[in-house]
1. Which one is most open to solvent (accessible area, probe 1.4 Å), of the residues in region 422-453 that are under 18 Å from Phe538 (Cβ atoms) and touching a Ser or Thr at 6+ places or on another chain (Cβ under 7 Å)?
2. State all residues of region 513-525 that are out of contact with any Ser or Thr (no Cβ under 9 Å at 6 or more places or on another chain), part of a loop (DSSP other than H, G, I, E, B) and crowded, with 20+ Cβ neighbours inside 10 Å; if no residue qualifies, say none.
3. Filtering region 296-313 down to residues that are open to solvent by 40 Å² or more (accessible area, probe 1.4 Å) and of a type in the set (D, E, K, R), which residue is nearest to Val231 (Cα to Cα)?
4. State which residue is modelled with the lowest pLDDT when the search covers only region 222-258 and only residues that are among the aliphatic types (A, V, I, L, M) and buried (at least 21 other Cβ atoms within 10 Å of the Cβ).
5. I'd like the full set of residues that are in contact with a strand residue (DSSP E or B) (Cβ under 9 Å, 6 or more places away or on another chain) and without any contact (Cβ under 8 Å) to a residue 60 or more places away in the chain, limited to region 46-60.
6. Taking the conditions exactly as written (open to solvent by 40 Å² or more (accessible area, probe 1.4 Å), within 29 Å of Ile34 (Cβ to Cβ), out of contact with any helix residue (DSSP H, G or I) (no Cβ under 8 Å at 6 or more places or on another chain) and among the charged types (D, E, K, R)), does Lys339 satisfy them or not?
7. Looking at Asp484, Asp505, Asp493, Asp409, can you tell me which residue is open to solvent by 10 Å² or more (accessible area, probe 1.4 Å) and under 25 Å from Lys559 (Cα atoms)?
8. Condition check: under 12 Å from the mean Cα position of the chain (by Cα) and either of a type in the set (D, E, K, R) or open to solvent by 20 Å² or more (accessible area, probe 1.4 Å) (or both). Does Asp363 satisfy that?
Amino acid sequence: MALAMLVTLTSAAKKTKADDMVLVAYVTSWTEDIPDPSTMTHINYAFGHVNDTFDGVKIDNPQRLRTIVSLKKKNPDLKVMLSIGGWGSGRFSEMASSEKNRKGFANDCRSIVSDYQLDGIDIDWEYPTQSSAGISSSPADTDNFTLLMRDLRRALGKKKLLTAATVCDAKYIDFRSCIQYMDFVNVMAYDMGNPPHHHSALFPSPIASHITSSQAVEAHLKAGVPAGKLVMGMPFYGRGDREDSGLKEYARTGILPKGYEKRWDDVGKVPYIANEKGELVKGYENSQSLAEKCQYILDHHLRGGMYWDYSSDNSQGDERTTLYLSLLKNKKATVPPRKVLVLAERGGLHEPFTATGLQWLEDNKERFNMQLVVLSTAGEIPPGELGKYHLVLQLNHPPYEWSEEAQLDFQNYINRGIGNYIGFHHATLLGEFDGYEMWKWFSDFMGGIRYENYIAEKCDATVQVEDRQHPVMNGIPGTFVIEDDEWYTYNKDPRPNVHVLAHVDEASYTIKTDIKMGDHPVIWTNPSKAARNVYFQFGHSKLLFENPVFVRLLENALKWTLAEE
């Protein structure tokens, strides 16, 4: 069997050109996102349905379909198809059982393709001979599906596309009799299980369900679908235990409860959330798992990839970008770079640290897979722009000069965990400065503090670590020296409102000063926010980048805040 499978794949590989790779995006009628037409080859618009008289088609939100078709003006190579069916969409059995109804349906499909300037039809009949979707069925559905494909091909002609979405185990359809009429088959390699099993594992593993994506491909090959006509589906969503209290809390706050953690299954090649017992309570996808699936598609010379659905991606577009880079642009598994917005205060006393920090980020962007955008003022941030970034890095930029729109965007960004945050030094210059009022939300984010004073004469000091288990403190010694820096004091201790990772030993200052706080945190994080966040009070001298402990802190912070979810 293994030898036969190898022969099938090798034969298909000779017939399939790299330029024939397809990337199919399902775009739904009930969402408002306008897709970027340069990131896919095909759009399947979901959905149309068999009409009430079983001899035609009705389309959900037809105006949105016309809007999607208009994207071909931006990308003339884009193919737009109407997907007819979907879970719970019935009347297929009645339509396909009658020659008159089949031909009436096929002719209506041809008219719709012409009227809407579509490139073809996708049939999503879930599933012939089976009524689990709450629709009617008949034992004759499998044979009638073949007749439907034949009649559709005759009505559409050779130049228009005809595809189908099929269940993962390749049941219910006689592919050997009907594949001749179809351009390719979209395998729905998802919804294949429920917790404690992952619903879309690539390979069999202890947490995988009864069937995996690779097994779905093998089932279709065995059923008679050539690799050159086989498109593997991938989900942009997860499946979890709806009754799990921890997941409900996570959905509400964006913060995993104590004992829950995100894990990676290195056998199944998928991420998941485990509860305090170590049991899978939610399986999902990320850039790494989708890149693994893309490499599988490339290695096995399949026709391409499909995903459900465009609007389920995150605001940074990580998942669709992964598929675009992997399958269409680079032709190899590619995890897209993490987008970092650096707010950098330029000039003045902080310029040496800022300039050196910007150069360090530039020198290390490939190592951390970062794409950097540097702004010198938060006033330059357009409304809605922050959601594109995985990380906002406040490199000595003060917490004022933000427009009202940017403030609201940032609050939403942090509260909802849209992205993450690292702040340095001047980020806690909280109060009324340069004619700006204090940003109270930001003050609360930093622990409810207001800037009070600082030691004007820069000095060295010893920092003592409090939480050596936190990812930011990984490999950091219990005490370390920060050279030639300013040390801010505040009107109150932030400790009750934040989680302190380290404090400065004020007795270690290398100058005499009365400017002290007593308990003086200098590294902390606010765990009440969904965004991963960390603030470092020091950041005045460029000598910090010659300090291996500081560099390790920065590296740790980047790894933690840019970690794949």
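The values are calculated or read from the model by the stated rules, or taken from the named source; none is laboratory data. These numbers come from a predicted model, not from an experiment. Here the Cβ is made from the backbone with ideal geometry for all residues, glycine too, and neighbour counts use every protein chain on show. We work out accessible area using only protein heavy atoms, side chains counted, and drop any ligands, DNA or RNA first. Shrake-Rupley method; radii C 1.70, N 1.55, O 1.52, S 1.80 Å.
1. Glu452
2. Filtering region 513-525 down to residues out of contact with any Ser or Thr (no Cβ under 9 Å at 6 or more places or on another chain) leaves 513-514, 518-519, 521-525.
After this cut, where a residue has to be part of a loop (DSSP other than H, G, I, E, B) as well, the list is 513-514, 518-519.
Passing the criteria: none in range.
3. For region 296-313, the residue satisfying everything is Arg303.
4. Per the stated criteria, the residue is Leu247.
5. The answer is His49, Val50, Asn51, Asp52, Gly56, Val57, Lys58, Ile59, Asp60.
6. no
7. Asp409
8. Working: under 12 Å from the mean Cα position of the chain (by Cα): no; either of a type in the set (D, E, K, R) or open to solvent by 20 Å² or more (accessible area, probe 1.4 Å) (or both): yes.
So Asp363 fails the test.
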